Every structure is written in structure tokens, then in C-alpha cells.
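Note sheet for the following structure.
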Amino acid sequence: MLEAVTLNEVPSVARQRFSLVQNNDIKDVETASEVATRRRNPSILLHRGDSIKVTGDGKNLNDALRISVAGRRGSAFTKFFALASTSQSFIERGVRPTLINAMLFFSDPNPDPEDFRRVISERLLDIPRFRSTFRFEEEDGSVHWDPVARSEVDIQYHVQVKDGRGKFDHEDIEELITETYLTNWDLSKPLWQITIVTNTKDGRSMLFCTFDHAIGDGVAMLKVMLSLLDDPPDGVKTFQKLRRKNKPSSMRFSSQIVNFCAGVRDGIREALAPPSDPPSSLKIPKERLGEETPGKAFVQTKAFDLAEIQSMKRKLEGATVNDVMMAIFAIGFRRYFEEVNDPVLESIISEGQTIHANFPVNLRSQSQDVSEMGSKLAVGSFIFPVNHKDPIDAFWQCKLRIDEMKSSPIFLVKQKITDALLKNVPVETLAKDFAEKGVPSTLTISNVIGPQYESSMAGYALNDVNFTVSYPGGLYCGVLTYNGKMRISLILDKLTDGNVTTLRNCLESAYEDLKTAVLEETGQIAAPSRGISIAAKMLEGIFAVIVLSIPVLIARSKWPKH
């Protein structure tokens, strides 16, 4: 359900890196020397048309190339994300851009920064949007991106170095997240920066990467980051994503029809009038919308063992890791609201109010070239069953909702309508609405899958990796698995009244409670029987009447006429 990408989708050095876009005649497998040769003379494929040859570092980029790529119009979602940095309507109202932060931790406390700069220069700058500027056209309200030559990209500006002096710790990471979020981009340069932090307090080093969401969505960004990693050692099996088999739905046919119609209805409704959650300590209060945030609070859960999660999944009939993960959140949120005495819990239990999580749905095909970048996604909405009876009940409620989404057209319907709205609604109206109403959901959540073995970059062992998103909302939850471990990163805006440390503790205890409840059961835990909705029963009744009426109608047609 949530966006996810795995290592097998990412070309390695021995296959194909993300050059601007590969020629069609490039072999499926290349040697390292062949890749190096191609990098020195890359071909740039424009608008899926003919490629134009650029030699050397791009200094001889000719006028024809500049004209053909300059001013390329951004997609609807690219436009939306870019407006916060380029449109005065957004900037004057204090709407901050949405930033993706990736944090790569290395075992070596003092790596040579030039090793990282070399890898980034060779691979990242092959992708047009990492050497493109964005601009907003007031006349038609459109956003355009303009690629520039490699030689015009100031790699010293984009990749900076900071000596942690043995003191850089979690609080400094939080400060770095806040600093990058509140600092305006230099629009004369591409919208990304990387800070190499050496000599951290825990004896490691870190790459802190910040990308504007206008450059690309989370799936594209993770693919890009993984493309910077070295090839796995010989004999190491990379994590393979199993292609899903089209299993027959367990729903009755009438329920499938009802679910399809409900998906169309909900897709239209969520696109035109997104559900707005009740006030809680995890949401920015309406009276504080428009104020500059004092910062972003950042914490991480402990690393959960992926093998344990797989064990839970196998015990629960038909379960996926995603089902288990969402159940952990549902249990954790209930526990958090109880812990901080948040009035929203009473609203949920007594008044039927709900809290939603927005999540990105990846619309990219696996064969789509990541160098196209952009934001190719739909935004889904998940209602957490906070009013569950126990951990097992929370799991089954989450699974039921996820299964319904899998067979629903809601994402496609919502994406089509949202795209049309973003293209046609005036920018001033978008900015005013966003500034006054804020983010309607309580949180945003996304899930990505990294390599399941210890990786390296530029020869330095990658000890850990995580990611977050800073956006003009209250809570963000980022789930990432790496090297057999799953960790949840939490970002909470300090304009809220929430306590992100308490939430972290509640999620960790929710994991332990679900694990205990599942693994202590003997044998597999069967899924509860699902009842048939009234709408499905009515539909079956109509079908029955129609079927029974056919013989009568045929017989009547044969009666002699008087």
C-alpha cells in the first residue's frame, strides 16, 4: 500500500547507473570500464525523443540543446511542491517547501570528503533535475525547470563538510533538520544540498542529504541514493522483491462491486473535500497556522528485527509486513493519546471521529527510468482503528482496510481529479487555502525498503540509513528497512503541543505487545469472518430477482396472443 522500492530495482555499477537516460542500444550488462567510458560521453535523451551528444563535462553544451531542454514544464505534483519555493503567493504566506532528508551513517569517523564528492559528481549530476533550476511563471501560473551544464554546478556549494569534533549528536541532527527546513533555497542553483559530517559523538560520520520534493518523489529519491552505493561483494545475495501473484480476491463478487463503487465515490470525495481530522496534540492548531515554526523535533525508534516481523506475519493468516506495521501505529497512537490525556481519544471512541494518515502511492512502473524524476504519485488516506479492543483486533482492522484499498480504484480516481485541480486552480487560491486550512490529516507516513546487507559508498561501510520528510504539517513518520532491521523516524512540528519522545516510546511498546500477543498463540491465527454489507446483500437480492425474472419473461413472450 505504501510506496516502497527495493534494491533489485536499482542498477548497480556492473549493470546501468542512472545516466541522464540510457541509449536504447546499451547492453543490459556492462563492465565497470564500459560504464566509465559512457559517463565520460553521456547521451542525453530529451522528451523521449532523439538523443543529443554532449562531450566532456558539458562545457560545449550547444544552443540547440539549451533551447530543447530549457523551460520544460513541471507536472502537476512537481508544480505543487515547487510553488512553496518559487511562488510569491506561497512565500509571502510563510508556506514552507516540502523537503526529503536522507541520512547515511558510516563506520569510518573521518572519511575523505573528496571521495564522496567524486561519486556524487559522477552519478548524481547525470540526472537532469539535480542540475536544474526551477522558476515560476506569473503569467500562466506554471513551474518550469531548466537544466544547466555540469560545469555550471558548484559542487563545493552542494556538498559541504562539517567537522563534528566528537560532539555532534542527536540534538545537532534535529537542529540541522530545522535549519534546512527554515532556510530559503538559492533559486539560482539546483534545489539540493548534502552535508558531510565527520567525527560524530558516537564515532561515526554522516551524509545529511536534503532534496526539495519538487525534484522527485520518495521512490525516485531512494533509487537515486541507492545508485550512489557500491556494488555488493561477490556472493552476496541482494534483496529481491517478489512479484505479486494475482491471487483471487476473498471478497464475494457483490462485495467487490460495492467496494469498487465506494472507491470511485471516496476518490472523488477525498480529491474535492479531503477529510479533516479533529484537533489533537499531533496537529498544528488552526490559530498557529501561518506562524513560523520554532523547529522540528526528531526521534527514532529502536531497530526492530525484520526476522521477528516476518515471524509475526507468518502466524497471522494472509498477513503482510505492511499490515503488521500499520497495526503497530494504530496500537501506538491509542497508547499515546491515553498517555498524554489527549481529548481526541474521547472524540474517536464516543463521537466516531477519525484520524487519518496520508501516504504516497507509487504510480511508477518498474521499467520506468528514474532519471525522469518528478513526483509520480497519488496520495492515499488511511483511517487508523484507534478504538480497537486489543493488539490482535487492531491488526485485523488494519488488514481489512488495507485489503479493501488494494481492490479499490480510489487512488487512480483521486489522482486524476487532483491532477486536474492542481493544473487549473489559480496559484493564489491554492496558497490561500493551504495557509488558512493547513494539512487536514493528522500525519503523513511512508515506507521504503533498502538493501538487506551492509552496503558501502565510495568504499566506506554504510552503518545505518534513514530518511525523514519536513513539511508544513504536524507529524511525519518514515519507515525504512536496512540490513535486516526496521526503524521508524518521527518528525513533529514544534507548533504542535505533542511530545514526540512519548510517541516513540508508545510505538516501541506497541511493537512488543503485538509481538507477544501473536507469538504466544499456538498455531496460525485465523482471520475473523467478514460479514456481508447491507449494500452487497441488496445487490445480491437485485441480481436474484433479475435472474428469476428471466424465465418468466421468456415464457410470457411465448404465450399465444389473443
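The values are calculated or read from the model by the stated rules, or taken from the named source; none is laboratory data. Computed from a predicted model, the values in this text were never measured in an experiment. Cβ coordinates were reconstructed from backbone atoms using ideal geometry, including for glycine residues, and neighbour counts include every protein chain displayed. Keep in mind that these areas ignore ligands, DNA and RNA; they rest on the heavy atoms of the full protein, side chains included. Shrake-Rupley method; radii C 1.70, N 1.55, O 1.52, S 1.80 Å.
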**Asked** Based on the mean of other beta carbon atoms within 10 Å per residue, what is the order of 431-442, 211-222, most packed first?
**Response** 211-222, 431-442
**Prompt:** Which links in 79/414; 286/406; 389/437; 399/485; 313/416; 296/437 stretch past 26 Å when you go from one Cα to the other?
**Reply:** 286/406; 389/437; 313/416
**Request:** Order these peptides, 340-346, 397-403, by their mean beta-carbon neighbour count within 10 angstrom, highest first.
**Result:** 397-403, 340-346
**Complete:** With the 1.4 Å probe rolled over protein heavy atoms, the stretch 477-533 has an accessible area per residue in Å² of 42
**Request:** Please give the per residue volume of the convex hull enclosing the alpha carbon atoms of the stretch 123-224, rounded to a whole number of Å³.
**Result:** 120
**Item:** Local net charge near residue 173, Cβ-Cβ under 13 Å (Lys/Arg +1, Asp/Glu -1)
**Value:** -3
**Complete:** Rounded to the nearest 0.05, FRET efficiency between residue 526 and residue 302 (Cβ-Cβ, R0 22 Å) equals 0.10
**Request:** Put one equal scatterer on each alpha carbon of the stretch 269-350, apply the Debye formula with no solvent term, and list log10 I(q)/I(0) at q = 0.11, 0.18, 0.23 1/Å to two decimals.
**Result:** -0.51, -1.06, -1.16
**Message:** Just to confirm, what accessible area per residue do you get for the stretch 130-199 at 1.4 Å probe, in whole Å²?
**Reply:** 47
**Message:** Taking R0 as 60 Å, what FRET efficiency do you get between residue 157 and residue 339 from their Cβ-Cβ distance, rounded to the nearest 0.05?
**Reply:** 0.85
**Request:** Could you check the simple spin-label distance between residue 389 and residue 107, using points 7 Å along Cα→Cβ, in nm with one decimal?
**Result:** 4.9
**Message:** From the phi angles alone, apply the Karplus equation (6.51, -1.76, 1.60; θ = phi - 60°) to the stretch 117-126 and give each ³J(HN,Hα) in whole Hz, x where the residue is Gly or Pro.
**Reply:** 4, 5, 4, 5, 5, 6, 10, 5, 6, 5
